[in-house]
Number of protein chains: 2
Amino acid sequence: MTARKENSTYTLNEKFITDCDLTYAANKIGGRWKIVILDKLGNRKLRFSELKKEFPYISERMLTLQLRALEQDELVKRTVYAAVPPRVEYELTPIALEFLPIFCQLSAWGKKNKALKENRS
Amino acid sequence: MTARKENSTYTLNEKFITDCDLTYAANKIGGRWKIVILDKLGNRKLRFSELKKEFPYISERMLTLQLRALEQDELVKRTVYAAVPPRVEYELTPIALEFLPIFCQLSAWGKKNKALKENRS
DNA sequence: GTCATTACTTACAAATTTGTTTGTACCATA
DNA sequence: TATGGTACAAACAAATTTGTAAGTAATGAC
């Protein structure tokens, strides 16, 4: 996400991992914010400031970085309206939409297993 | 995974994020290695050294750390056999098994979208 | 007694990710 | 003319993740 790397074990491992379809996909939604951003954007367009409001403590920098990365990966589409106060809207691309059912299942898993843990404590 | 944190924005964000079922689940399989380890373990028990062989450049330290974390989260079960050269086997727990169909879908997404990208370049 | 094997652990270092702060460009309105 | 809102960018700093190198314990083979 930042930029320069080399030919270290770190990079070799990264290559190995993104060769695999499973981890290739996992990497697209990895990191702290991407998956929640995609989820929020699930059914509607949102402006930068609207997205920011969804996450109380996210820094603008983080939000920008994540959105840029998602745009790069063609998971979100960014539309700029040349309006008086700037207005930018973000929405999911078709390939990102295909993630939504997977998110549902993940979410269901999370719900179920969080409940399990709580019942034991 | 290391240990000490505080009450920083970093931590607040983390709490916010693990409150959500979706990201709670995502965090269980986050990081570079967890998802591949779970996938490898999908249908069979594997010893430490067998797992290591699956990932050419993983360090023993990383493998241990990931396995410990997965054990902590009750996604893998660790069995030690008191044998002459130590023998330890890892296998998925029932709740981890429920991840496997999700992995399939992620993998399918990855395959499809990797192909899409390649056809354009 | 020395070596090899397995599954680690420890101390250390490098790389990456995440967050903080400050600042910018653009008009419109008071 | 000063101020305010939006969507960022840049420089810097903190936190976490990942990797390197070396060592440990038990035991049987040589």
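The values are calculated or read from the model by the stated rules, or taken from the named source; none is laboratory data. Note that the coordinates shown come from a computational prediction; the quantities given were computed from them, not determined experimentally. Counting neighbours? That spans all protein chains shown, and the Cβs are built from the backbone with ideal geometry, glycine included. To get the accessible areas, we keep the full protein, side chains included, count just its heavy atoms, and leave off ligands, DNA and RNA. Shrake-Rupley method; radii C 1.70, N 1.55, O 1.52, S 1.80 Å.
Please sort by residue number the GluC sites (Glu not before Pro) in the range A:1-70 whose DSSP state is loop and whose Cβ has at most 10 other Cβ atoms within 10 Å.
A:E6
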With label points set 7 Å from each Cα along the Cα-to-Cβ direction at A:R68 and B:V80, the distance between them in nm comes to 4.8
Rg from C-alpha atoms of chain A, normalised by the globular rule of thumb 2.2 N^0.38 Å, equals 1.24
Taking Cα pairs closer than 8 Å and at least 6 residues apart, the relative contact order of the range B:33-120 in percent is 31
Copies of A:R47 compared via label points 7 Å along Cα→Cβ give distances in nm, shortest first, of 6.3
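When the helices in chain B are scored as -39500 (n - 2.57) per DSSP H run of 4 or longer and the sum is shared across all residues, what 222 nm value do you end up with, to the nearest 500 deg cm²/dmol? Can you show the working numbers first?
Details: 7 runs with 71 residues, N = 121.
It lands at -17500 deg cm²/dmol.
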Taking the label point 7 Å from Cα along the Cα-Cβ vector, the copy-to-copy distances for B:P94, listed from shortest in nm with one decimal, are 4.2
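Holding the Cα-Cα limit at 21 Å, pick out from A:K34/A:K77; A:K52/B:K117; A:K28/B:K114 the pairs that are longer than that. Mind dumping the intermediate values first?
Working: A:K34/A:K77 14 Å; A:K52/B:K117 30 Å; A:K28/B:K114 11 Å.
Correct reply: A:K52/B:K117.
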Output row for A:K112: copy-to-copy label distances, label 7 Å along Cα→C-beta, ascending, in nanometres, one decimal, is 2.3
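How large is the direction-averaged shadow of the alpha-carbon convex hull of the protein assembly as shown, in nm²? Before the final figure, lay out each step's value.
Values: hull surface 64.7 nm².
Across all orientations, the protein assembly as shown yields a mean hull projection of 16.2 nm².
Order the following by accessible area, largest value first: A:C20, A:C104. Probe radius 1.4 Å; ligands, DNA and RNA are ignored.
Details: A:C20 40, A:C104 90 Å².
In descending accessible area the options line up as A:C104, A:C20.
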